[in-house]
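Input: a single structure, listed below in structure tokens.
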Amino acid sequence: HEGFIEFYDNLTTFLGIVFGYIMALICYSFMMFAKARRAEYFWYGLYLGAFFFHVMTLSGFAYQYLWPYAVDLQMIMGGASISINYVCLIKFTHIMLAPDKKPHNLLFNIQVYTHLILSLCSIYTLNTVFLKYHLLAVLLSSFLVPVTCLMTRKEGSNTSVFFALVWLVLLLTSVISIFDRTGLIALVIDPVHSLLFGFQIQTLLIGSALLYSYRESVIRTLQLKKIALIEKEKTAKAKDQILKLQQDAQFKLERQVKDRTLQLEGALSELSSASAELKLLRNLDGLTGLPNRLAFDDALQILGEESIQLQKALCIACLLYT
């Protein structure tokens with residue numbers, strides 16, 4: 001009796017430390033979600049909460065403190081909680097890997113809806129046979145997740161490999177726990193301890209995946225900045241070339257305009273000289289070289305305008321030769 005009490009106290013202390021550790025991770029995840037508004041923190045926090053609830057169910061603490069008189073609820077919550085746990089982890093994996101191809105996104109969504117349906121069915125069905133088949137369906141449908149992770153692997157990235165390992169560890173610990181609960185195998189340690197051991201490995205792998213993903217994003221950002229800097233230099237060179245071409249074209253156009261202006265001024269000067277010479281020839285008699293009638297009319301018009309302007313009389317004298 002004293003040995004059992006000591007074992008129970010040690011188990012309670014151990015699970016209390018583990019629950020505190022998981023609660024700290026949950027608080028950190030939701031704080032990061034509230035600060036960064038990134039969906040992966042939200043779904044990882046839900047996954048931690050679902051795992052916390054699942055461990056409480058398997059260890060008997062949920063039955064002891066949450067529903068001490070609901071034996072049927074205790075029977076179904078183990079299967080339902082593992083399905084919800086898988087749903088949250090699948091969504092977290094889907095967001096972290098961010099597949100480019102539609103078939104891969106469709107596979108992740110199908111697996112999410114499959115586990116949701118299984119969890120709902122386990123809640124509304126108390127048949128023991130169905131509960132066994134439910135656990136089998138959960139395991140079989142989950143083995144597709146690490147395969148999907150590897151299918152979404154991008155060139156030069158190992159993030160999908162980390163998540164495939166996370167799922168393999170989760171599935172292995174789940175299989176061991178389920179086989180022990182159904183009597184197929186007999187473990188030396190408590191199945192809850194195997195789950196918690198697997199959870200620690202998963203946490204390390206997920207942390208490694210997040211660090212690797214952050215490293216990849218930093219490298220990608222540096223590469224994009226380098227490409228942007230190269231493009232900026234190319235743009236600056238192109239602008240300089242365009243500016244030089246514009247200056248050359250403007251200089252060439254100004255020179256052409258100046259040459260054309262000089263040509264026009266020369267032509268106008270020649271035209272003015274020709275016009276003056278033509279007017280002079282028009283007003284002279286070709287035979288005698290004396291001013292003719294046209295010269296007389298021009299002079300008369302000019303004198304008439306001056307007489308009107310100066311308000312003076314105009315006299316015209318004519319000398320006749322006989």
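Worth pointing out:
- Meets criteria (among the acidic types (Asp, Glu) and either more than 30 Å from Ala39 (Cβ to Cβ) or free of Cβ contacts under 8 Å to residues at least 12 places away in the same chain (or both)) for Glu233: yes
- Options Ile227, Ile219, Ile242: the member that is open to solvent by less than 100 Å² (accessible area, probe 1.4 Å) and closer than 30 Å to Ala164 by Cα: Ile219
- Scanning the range 296-313 for residues that are part of a helix (DSSP H, G or I) and among the small types (Gly, Ala, Ser) yields Ala299, Gly304, Ser307.
- Only one entry of Leu205, Leu165, Leu210, Leu196 meets the criterion of being open to solvent by 70 Å² or more (accessible area, probe 1.4 Å) and either at pLDDT 70 or above or within 21 Å of Phe19 (Cβ to Cβ) (or both), and that entry is Leu165.
- Of Phe143, Phe179, all but one fail to be at pLDDT 80 or above, at negative phi, surrounded by fewer than 18 Cβ atoms within 10 Å (Cβ to Cβ) and out of contact with any helix residue (DSSP H, G or I) (no Cβ under 6 Å at 6 or more places or on another chain); the exception is Phe143.
- Some residue of the range 118-125 being modelled with pLDDT of 70 or more, hydroxyl-bearing (Ser, Thr, Tyr) and either on the phi > 0 side of the Ramachandran plot or in a loop (DSSP other than H, G, I, E, B) (or both): no
The values are calculated or read from the model by the stated rules, or taken from the named source; none is laboratory data. These numbers were taken from a predicted model, which means no experiment stands behind them. Cβ: placed from backbone, ideal geometry, glycine included. Neighbour counts: every protein chain shown. Calculation scope for accessible area: heavy atoms of the full protein, side chains included, ligands and nucleic acids excluded. Shrake-Rupley method; radii C 1.70, N 1.55, O 1.52, S 1.80 Å.
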